[in-house]
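Report on the following structure.
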Amino acid sequence: MAESDQMTGAAPAATDGQPQAGTTTAPAANPDPQAGTENISLDEAKKLRSEAQGLRKRLKELEDAKKATDDAQLSEVEKAKKGLTEAAAKAEAAEAALRTERIGREVERTAAKLHLDPELAGRLVTADMLEFDDEGKPTNTEKVLKGLIAKWPHLVVQAQQPPANINAGDGRGGAQPADPKAREAGLRQRYRIS
């Protein structure tokens, strides 16, 4: 090997892998064949690395922002769904209250017509005893109340007469003229006002 070194005029290579003093090492082969023979300086490489790092950082920020926007939109959709569910529940409750109110009014009206105590009839008649039309109005209220009267006839209230006028017999207060002019004339005569 020493002879081949002397013939080429090159210095013998060190055995520890380090080049001997005075020799130069050949630049490393460029792995990118498209880069050609152009070499980049150390400053340019640092600049490119910092630029790449900045771009990676910006990409991460944009991805995080997009994820936050998507999450916000998703939560808006969830809020809308929750609001829709709550509104449907409120509408259902309002419809049930309206139906109960309609039943109560119809039962009280029919009970008064049949001389039943409206409050008592309202407590005795339940929604499952009644039939309803398409609008939710009860259709067989009178039939149900007549069935209650047939079962319990003592529920019928006797027509009450208005109480008698307690002043009718003494002549002071029962017989007032209905006409205001006649009343005024009577007062003028009584108190001698001209």
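The values are calculated or read from the model by the stated rules, or taken from the named source; none is laboratory data. Everything quoted here is computed from the prediction, not taken from an experiment. Cβ atoms come from the backbone with ideal geometry, glycine included; neighbour counts cover every protein chain shown.
Worth pointing out:
- The set of residues in the range 111-129 that are outside any helix (DSSP H, G or I) and either surrounded by 15 or more Cβ atoms within 10 Å (Cβ to Cβ) or in contact with a Pro (Cβ under 7 Å, 6 or more places away or on another chain) (or both) comprises Leu114, Leu116, Asp117, Val125.
- Residues that are more than 30 Å from Lys137 (Cβ to Cβ) and small (Gly, Ala, Ser) are absent from the range 88-97 altogether.
- Restricting the range 160-194 to residues that are among the aliphatic types (A, V, I, L, M) and modelled with pLDDT under 60 leaves a set whose member that is surrounded by the fewest Cβ atoms within 10 Å (Cβ to Cβ) is Ala175.
- For Lys79: the one exception among (1) under 30 Å from Glu142 (Cβ atoms); (2) basic (Lys, Arg); (3) modelled with pLDDT under 85: (1)
- Residue satisfying all of: in the range 130-147; in a loop (DSSP other than H, G, I, E, B) and surrounded by fewer than 16 Cβ atoms within 10 Å (Cβ to Cβ); modelled with the lowest pLDDT among these: Gly136
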